[in-house]
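Here, each number is a calculation from the coordinates, and none is a lab measurement. From a predicted model like this one, the values you see are computed outputs, not experimental measurements. Cβ placement follows ideal geometry from the backbone for every residue including glycine, while neighbour counts extend to all protein chains displayed.
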Amino acid sequence: MAETIENSHSDEKPKPRVRPIVRFGIFLVSHSFLVSIVCFTSGVLALFLLPVLAKNTYISENALMPGSASPMLSNQHVSDGNRLVKDLTNSNLKSSETGIESHKIIAQYMLDVGAEVSFHKFHPQMNQFHPLHFFSSPDSGKIQENYSCSSYGINTVGIIRAPRGDGKEAIVLVTPYNALTSSFGEVLSLGIAYSVFSLLTQVTWLAKDIIWLVADSQFGEYAAVSAWLREYQTPKFSSMSALNAEMCPDINNLFEIEVHSMAGSKFSNSFRRAGTMTAALVLKVRDQSEQFDDTISIYAEASNGQMPNLDLINVVNYLAVHRQGLRVNVEKLWSFLNLGWLKSLGEIFESLANIAKSLNPKFKFGIPATEYVEGTAILASSLYYQALGVPTGPHGAFRDYQVDAITLEISPKFSLDKVWRNDIILRGGRLIEGVIRSVNNLLEKFHQSFFLYLLTSPSKFVSVGVYMIAFALLIAPLPMVAASLYVDSNSSSNCSKGDSSTPSAITDTDEHGITIRSWRWLNSAKLVFIVHLWGAIVSVLPYFICQIPDCSPTTSFMIWVLLSILSLLILNSVLASPFACVKASQEKEWALVKSVTISSVFIGLGLMSVINFATAEIGALLMVPMCLLARPLKLDVRAGTFRSCCRIICNLVLGHIAFPPAAFFLLKGMLDGFGSANVGGFWMWVESLWAWNSATYLFIGMVQLPCWVLCVSILFHSC
Amino acid sequence: MEKLKKKIRSFSFWNWVIASIIFRLILIYFPKNLNLCSRPEVSTPLTSFRRLAEGYWLKQSSMSPYAGSMYHGSPLLLSLLGPLTVKRIEGQPNHLLYSLVSVIADVVSAMLIRATGQNLQVAYFGTLKSLDLVKQIELSEVHSSGDVAALIYLCNPFTIVACVGLSTSPIENMAVILCLYGACSRLVPLAAFGWVIATHLSLYPAILIIPVHLSFVLAICDLLLGYGPDAPPRKLFLQRHQQKGLSSQSKLPPGFSWGSIIHFAFWALLWSVYVLVLCGISLKQFGGLWEMFKSTYGFILTVEDLSPNVGVLWYFFAEVFEFFRNFFLIVFHVNILFMILPLAIRLHHRPCYLAFVYVAICSMLKSYPSVGDSALYLGLLGWFVNELSDMQFSLFLFCGYVGVSLLSPVMHNLWIWRGTGNANFYFATAMVYACLQIVLVVEGVSAMLNHDRKLRSLILDKPRDAKS
């Protein structure tokens, strides 16, 4: 596209015959204003149409065959699970100072059903800022320093070896459990997991090993799971354990005792492994519930907006709804449900669909307005959590190792008395059993269904092929406007020179033009490059700021802002000044700067759409209008027409909104109310982003911020 | 005043050179973080440092370095660079010595490019002068093409990445540049040496024999007429002389001279015999020269290794049916050969530019391309900064190169590490990259031809102007 556009401008003299594609390019570029308005509005409209265009999910992998076998989980297993729940609650009442006792109980139960048991001791690892983490492979070479003997967690791991398997593949079941402050929900989730586990030791159909990880969640659920995974996937052959044993005698003693008490069994003190993980399920039970039904919530977003294979969600959804009669929830933004304009939009779509249906009964694409509003709320939350790039649960740790994983959170309807407890254990257990049985059928890893999708309900999704259209429409104006600006600035400079000259002089000016005309953009490119370099520096600055001890978020943010401004000034004076004179001499410099800026934004957005689509989509909604509208204020003030006034207002508003902190406060205010937003909050948010290695952070620092600076500099350009 | 300006410019040139060297050294000290060594864009089976180390290790344990299809480079590189792969300095990054060699190779290449560029520029001015177009020089802002080319070569991220990523392409590039330098400075032995070494290292520079020969042929014209290695077509000079009313039949450049070709052939033969004897000695107990040809040139020509790279062949040959394989191998290699003759005819008056076009085409169609190859032709492009100032699509090409070089690692990550993409994602960037190179070559050639046309029209218009 861009090629044809640029092709069009090059031949200035009208040729008798131009190729149709070139003519089309010329047409697009010359009408770039209209085309960009049409493209942008249709892009926004297509975004709102996504809930209507969502398709029903289907099980893509034939081998899964969910629900084809009747569940084998019987009341015997349920009572086993109940026994564990009782024992754990009793032990918690007795001794609450350490969680060792309950870990022992769990391990004993695992051993009783004939599983291999081992403890995994880990130290919580602080998330560190790795600007290059995204491009490097996950490695084990992290340096771990200053362990204290007091802070460590113990994961209990039970492994069932499959009677029909070769030990090369495994399915993981995770139950987060904090032994110190164990809530009843956590204990119940252990009960469910145990009932399934005790069943799985007896079944004959098991072809993949089962790993049950009781993750010690006193340092957070994610930390425990990721520590175990790191140990599992990238074994360290260092003297770390020996070192620990010397340093912390208490821990060592504890393990000794346990080994003695379980002597002769399958207990092992070393780290045990099974095969490659096919899938992982994280099981949680919520303590209180205000729902009307027994519901089960699915959390799927991992870091950087990665999703597990859609088939995994499909299987869970299918089994929960059609076999166990559980209601399935995915997260939604509740504030969207009460938006009036969204509702009326849904009604408009519905009535349009009805009209279409009345014209031809075969057109069936409408959905009811309420469903539309709910779909939009779920879509918005799907976009929001993907854009944030922070995993929504411990399942996120698995995705870093290409293991598909989801978190299932069961919220029971009634208070957890005996009967209802049994019911929950039975139904939850049968659901887990069904999912494991399905995954057990897999011959290869999940690959059939989608990885890139957005959910609009538990059983509806928008695939990458559909949502990319909306995004492509949003950013389509960028190359067109860039080309048209480029053409304009080139041709206008030629005209101004050739205007008053006689034919004989034309050759001279022509010859003069040789030297620099087509490479004039290099100066603007240099400016854009400098600003992007500055963006990179700004993104790295927090790494140094957070080394300063005892700094409140507000002061850190202030330091950051000051250092950023300082670095911008320094960079500008060092690198850009020798060329300032060149810049001033050219009248239409701003047009070239804008053209190059738009090109760079186009590249940045295109790149981000591949890394994390949701970020790119939200970023495009903010940045595209700002880039397209930017024009020196002076010119508009001088013009003084209605159109230029509108443009000034739009520019000023967009200039304020698109500044990253301002955008953050606005978004935060919309979601949580404006009371909670403060300056320190932005710092905390940014800190959480880089702690989770979110690419969104890099996007804000290296694409959005430079783009904003360039646009503002265009606005205040003196021409 | 003029001198002062020149001084400032040259001062900033050396500043940039030093800055680029320092930047390389900084990057060399963080090799683990970047992990450039294992990126498919940087190290191909032919240029990979790890394979070189493996080959050296095999040789040290008295096995054939080509055993196990690991190493596919020249045995001379093993003897020269091999020891650097194992030598370590305490407290320093692992491959510091080897990295330093690449940095030196880059700097030497840049200096050679600069010298050649200055040669070319002198020739360019000479041409304009002999065509009475001196006025144009004064009117237009002329860049020192040698400086520009050297800086493009040194500061190009591709060059830096190839240098820091421990590939052998800086050395291969140096050989090619040495050959071109020798050709432009009319040092026949040096040109022959560069050509032989470049061909020995990576086979494809063999086709550079045509531009090198042309430059020698033109060099003889130069003695007669006073124009240099790159000049507008000879017809122009003829027209010029006719306009002047000179009966310059005697001064016409000769069409072809066997002497220079024989001279070059002699030296090329000498050097290649020398290189082959050295290789033979070093591979005496490991199967001899035949083994070397099979696993270097044979490996290049049969595209055995289908691991992903920035080229398009790996994907194609991974997909193609086995019984078509030989046919398509021939098609792809003949593709390069097909372009040689037409281009040579059309651009015979500009051998250096012809060399640039050949290098660009090779780096596009070769079996294991890497970004180091693009670094070479982009550097050479700088020589023609004055002639190509009217090139179209410059912004588009620039943005395309930036976009592709950012997108390629992301796609690779998506495919290999995240598992959400597949090979098509990565191949898409490779295709875009190939298209960009095609656009660059096509636009470059047409801009050069337009430049020649413009010069001609200026010459033809001039008398009319004088009359009016």
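Its alpha carbons considered, the stretch A:151-207 gives a radius of gyration followed by a Dmax of 13.8, 41 Å. Computed over every Cα-Cα pair of the stretch B:248-401 and binned at 10 Å starting from 0, the pair-distance distribution P(r) comes out as 8, 23, 32, 25, 10, 2, 0 percent. Over all orientations, the stretch A:333-378 has a Cα convex hull whose mean projected area works out to 2.8 square nanometres. Within the set A:Lys357/A:Lys460; A:Lys208/A:Lys445; A:Lys284/A:Lys668, which residue pairs have Cα atoms separated by over 19 Å? From the list (A:Lys357/A:Lys460; A:Lys208/A:Lys445; A:Lys284/A:Lys668), the Cα-Cα distance tops 19 Å for A:Lys357/A:Lys460; A:Lys284/A:Lys668.
The mean number of partner chain beta-carbon atoms within 10 angstrom of a residue's beta-carbon across peptide A:609-615 is 2. Take B:Ile330, project a point 7 Å from its Cα along the Cβ direction, then tell me which residues of the stretch B:199-220 have their backbone nitrogen under 14 Å from it. In the stretch B:199-220, the label zone of B:Ile330 (backbone N under 14 Å from the point 7 Å along Cα→Cβ) covers no residue. In plain terms, the residue of A:Thr295, A:Thr204, A:Thr175 with the fewest other Cβ atoms within 10 Å comes first and the most crowded comes last, giving A:Thr204, A:Thr295, A:Thr175. Ranking A:Thr392, A:Ile367, A:Ala405 by Cα position along the charge dipole of the stretch A:366-455, where only Lys, Arg, Asp and Glu carry charges on their C-beta atoms, puts A:Ala405 farthest toward the positive end.
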